[in-house]
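The values are calculated or read from the model by the stated rules, or taken from the named source; none is laboratory data. Here the structure is a predicted model, which is why all the values come from computation and not from measurement. Please note: Cβ atoms are built from the backbone with ideal geometry, for glycine as well, and neighbour counts cover all protein chains shown.
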């Protein structure tokens, strides 16, 4: 345990540093291309455009690169036209900045794109010494091109893995919070400090769910736009739907925790046991997202909890009935996330009946394993 924590810190540091290394490499490549191939004497716009385009999270860099470079191009064009008409000076700088912001806003740009347009105009006028030229626009396009090669070809993130990482973190975090909640209610009013820690963890879980919400659409965009991951478009579409289900599951878990810590002490041991079972179901999902058997284990655990919660006299008190409703919501969302048919999940939760079955997860088609998977499919084809 003592050794695993430093390893986790190193891995997190490497994960955070790797995009920075990519940005530095892209800036260097863009500068060399503009200097050596394009023959520009001072190609500062090329590395700036490359770094700005890569300064976003994985899955969002391609689209953001296009938007921000568009803003840069608007600013440069406005700045160059201002130099042609008015030459340099503070008046030209003010006018170019204002016009660039107006044009970017007219194009429907967001705040970052408007700022980039203004920055492009300012740099075009401030460093031009009153001389107009097309070199700066060419440099910006070179930087944008290098950034797109980095994001869409060389270092394009694998869509399924992008969502899987976010889902694993969110499910594991929710499982830990449920276990903490079970321990909190068992200690009763003597665990005030633990309740505060639970509140902080709930805020962290909300951030993890937001990350899942961003990763789902990002994976679909990567599969649609990246040259090397276009074959994963159907899988990415399913992953996007799955990410939406995990958000609902997270909301149900947070509602259960909020209701649980507000209940009266009677039957807390019973509630703690059920909550731990749900935490184990989430752990099964987190460790077996790409495994049908892991999903089925989670479904079986949730079904067992739902069947007990659906008992006629299981929750006689009003506060416990509220907890029971929250428990059923979590059970239902676990089953839905694992691919159980909606009508089967509803029957299992409301009546404790049926035999809910998970469905196979979206296929994780890595390029290296694709030939082997195609061979396996050919062998099993009638």
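Pick from 353, 322, 314, 302: which is crowded, with 24+ Cβ neighbours inside 10 Å and either modelled with pLDDT of 85 or more or more than 25 Å from residue 167 (Cα to Cα) (or both)? Selected residue: 302, the only one of 353, 322, 314, 302 that is crowded, with 24+ Cβ neighbours inside 10 Å and either modelled with pLDDT of 85 or more or more than 25 Å from residue 167 (Cα to Cα) (or both).
Among the residues making up segment 219-247, those that are modelled with pLDDT under 80 and more than 12 Å from residue 160 (Cβ to Cβ) are 221, 224, 225, 226, 227, 228, 230. In a residue-by-residue description of segment 110-127, the property of being outside any helix (DSSP H, G or I), at pLDDT below 80 and surrounded by 17 or more Cβ atoms within 10 Å (Cβ to Cβ) applies to no position.
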